[in-house]
Amino acid sequence: MPKPLKILVVDDEETLCELLRFNLETEGYEVDVAYSAEEALMLDISAYSLILLDIMMGDISGVQLASIVRNNVKTAQIPIIFCTARDSEADMIGGLDLGADDYITKPYSVRNVIARVRSVLRRCDRQHVADKSECVAFRTLSVFPSRKMCTVDGKEVKMPRKEFEILCLLLSNPGTVFSREELIRRIWPEEVVVLDRVVDVNITRLRSKLGEYGKNIVTRSGYGYVFIE
């Protein structure tokens, strides 16, 4: 029998925490509660499958806690649902921009919370399966072609389309040398004229964004570029 998924509820309203704990446990989840962000940070957050998080708390706000979670490679992928009395559009957009997977405004019904929890967990499980089948990776450098996303050590690395396509091509074909002409033909097929220098500039920018993995993109003088494992 599979182990129940663990959920962490973080809210400074103790009665609300206990209400959520009771109802989520009734649904088959294993639930821990923390009455402050500080208390939550004393736990092993990486052990949880989802975090229900209040925004307005004490010295460390829910927004700050979410930022800490997102910036830690061990917890960056844990889905977060904000539960808050702040219901303005700006607050909602700000929470989602921070990386929240959903946003529930107070007062809310327990049934609504449970439905949102199920929905987020299903979505994240589907994405996890898709990521495993559609991920091109070398150590902690990962490229997700369908999502147009690159991560290093679990953190997203932002890059424009052409840089991403170059990386995807090189990483998908380790050890294969691509000439500038071939890269231009594959990456810039719609362009009439693209200078070799454009390829060089994109490679230089790409290396700088990949940190330690930049050195894996190697120049073969007179031939082109290759990703070396």
For region 103-122, what are the residues that are touching a Pro at 6+ places or on another chain (Cβ under 8 Å) and at pLDDT below 85? Val120
Of the residues Gly211, Gly175, Gly222, only one is in the same structural domain as Glu156 (by TED's automatic domain parsing), over 21 Å from Met149 (Cα atoms), surrounded by fewer than 16 Cβ atoms within 10 Å (Cβ to Cβ) and within 29 Å of the chain's Cα centre (by Cα); which? Gly175
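Do the conditions hold for Thr204, that is, is it among the hydroxyl-bearing types (Ser, Thr, Tyr) and outside any helix (DSSP H, G or I)?
Working: among the hydroxyl-bearing types (Ser, Thr, Tyr): yes; outside any helix (DSSP H, G or I): no.
Considered against the rule, which asks whether it is among the hydroxyl-bearing types (Ser, Thr, Tyr) and outside any helix (DSSP H, G or I), Thr204 comes out as no.
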If you go through Ile187, Ile203, the only one that is hydrophobic (A, V, I, L, M, F, W, C) and farther than 17 Å from Pro145 by Cα is Ile203
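Could you pull out every one of the strands (runs of 3 or more DSSP E) wholly within region 3-90 that has 1 or more residues that are within 22 Å of the chain's Cα centre (by Cα)? Before you say what the answer is, go through the steps one by one.
Numbers: elements: 6-10, 30-34, 50-54, 80-84.
Correct list: 6-10, 50-54, 80-84.
Confirm whether Tyr225 is touching a Leu at 6+ places or on another chain (Cβ under 7 Å), at pLDDT 90 or above and not in a helix (DSSP H, G or I).
yes
The values are calculated or read from the model by the stated rules, or taken from the named source; none is laboratory data. Just so it is clear, the structure is predicted and the values come from calculations on it, not from any experiment. Please note: Cβ atoms are built from the backbone with ideal geometry, for glycine as well, and neighbour counts cover all protein chains shown.
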